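Colleague: Okay, here's the structure, questions in a sec.
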Amino acid sequence: MGGEFPDFEAESTDGPIRFSTWQEECWCVVFAHPADFTPVCTSELGAMVRLQPALRQRNVKTLCISCDSLTLHQGWQQDIRHYSGLGSAPFPFPMIADPERKLARLLNIVDPDEVCGDLQPASLRATYIVSPQRRIRMIIMYPLAVGRSFGEVLRALDSLILCSKHRVATPENWRRGAKCFVLPPVDPVEAGKQFPSGVQRHDLPSNKPYMYTTQPPE
Ligand code: BEZ
């Protein structure tokens, strides 16, 4: 979809990171923030902290980028701990320090129309889903004023992980476990072998045989 995710090196709250080494060939979510100690960002980090059990269950790693220094990140983590209910447990994912927007520029996510408190250009609220092969499989960009829905990121991850293993696609607002579409063109006999739970054709006014559903394979 979006090509290769850059194999950058940067300082993080867990020490220096080289992306490909840190990724360990897992699916991962990389999400960028304009600034520390801001309300929307704090609410978003809190949501990502609370989402960790679901992400870990899927073997998905999380990486945060925020356009401030490591010292500010370490202080901000106390607020995020409090806001998310994490308490004194270890902070569950690294936060990259990008005070000079070097990484934001590399990713091309600097918003030309917004500046931050430090009067530098602001980063968009960019979220990347990166495959184990370090390919960008999804990008969501939100402006400063709009907090993201990380439940939607998890939903999309479930779809991407499923569709990376089987010749299927998922309908609008699909949830893990619900029926999915067999990718057209569909040969019903072959599809019946590929999807042992069976395939169902949906009759449409056009009479074109393009809509087949099946229970997602394990
Ligand atoms: C916020 O996260 O609330 C925010 C970040 C940058 C500028 C304005 C608001």
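The values are calculated or read from the model by the stated rules, or taken from the named source; none is laboratory data. Given the structure is predicted, the values throughout are model-derived calculations rather than measurements. As a convention, Cβ positions derive from the backbone with ideal geometry for all residues, glycine included, and neighbour counts pool all protein chains shown. Keep in mind that these areas ignore ligands, DNA and RNA; they rest on the heavy atoms of the full protein, side chains included. Shrake-Rupley method; radii C 1.70, N 1.55, O 1.52, S 1.80 Å.
Colleague: When a/c is below 1.5 the answer is rounded, else prolate if a/b is larger than b/c, else oblate, so apply that to segment 11-95 with a ≥ b ≥ c taken from the square roots of the Cα gyration tensor eigenvalues.
Modeller: Working: a/c = 1.73, a/b = 1.23, b/c = 1.41.
In terms of gyration-tensor shape, oblate.
Colleague: Points 7 angstrom from Cα along the Cβ direction at PHE8 and MET141: gap in nanometres?
Modeller: The answer from the label model is 1.5 nm.
Colleague: Would you check segment 93-218 for Lys pairs whose C-alpha atoms are within less than 29 Å, ignoring same-chain pairs closer than 8 in sequence, and give me the count?
Modeller: Lysine pairs satisfying the spacing and distance rule in segment 93-218 number 6.
Colleague: For the chain, what is the mean residue ellipticity at 222 nm derived from helices alone (per DSSP H run of n ≥ 4: -39500 (n - 2.57); sum divided by total residues; nearest 500 deg cm²/dmol)? Don't jump to the answer; show the numbers that get you there.
Modeller: Numbers: 7 runs with 66 residues, N = 218.
The per-residue figure over the chain is -8500 deg cm²/dmol.
Colleague: Work out Dmax and Rg for segment 50-166 from the C-alpha atoms and quote the Rg first, both in angstrom.
Modeller: 15.3, 47
Colleague: Among 10-17, 186-193, how do they line up from the highest to the lowest mean number of other beta-carbon atoms within 10 Å?
Modeller: Result, highest mean Cβ count within 10 Å first: 10-17, 186-193.
Colleague: Further question on the same structure: What part of the accessible area of the chain, given as a whole %, is carbon or sulfur when the probe is 1.4 angstrom?
Modeller: Result for the chain: 54 percent of the exposed heavy-atom area is carbon or sulfur.
Colleague: Taking the Cα atoms only, what angle lies between the long axis of helix 39-50 and the longest principal axis of the chain, rounded to 10 degrees?
Modeller: 60
Colleague: Here's another thing I want to ask about it. List the chymotrypsin sites (Phe, Trp or Tyr not before Pro) within segment 117-218 that DSSP assigns to loop and that have no more than 15 neighbouring Cβ atoms inside 10 Å.
Modeller: Within segment 117-218, the qualifying chymotrypsin sites (Phe, Trp or Tyr not before Pro) (loop, at most 15 other Cβ atoms within 10 Å) are TYR210.
Colleague: What ranking do 89-97, 28-36 get when scored by the average of other Cβ atoms within 10 Å per residue, highest first? Could you put the intermediate results ahead of the total?
Modeller: Working: 89-97: 18.3, 28-36: 23.8.
Result, highest mean first: 28-36, 89-97.
Colleague: SER149 label point, 7 Å along Cα→Cβ, cut-off 20 Å on backbone N: hits in segment 12-42?
Modeller: What the label zone holds, given the 20 Å backbone N cut-off, is 29-32, 40-42.
Colleague: With the other protein chains left in place, how much accessible area per residue, in square angstrom, belongs to the chain at a 1.4 angstrom probe?
Modeller: 51
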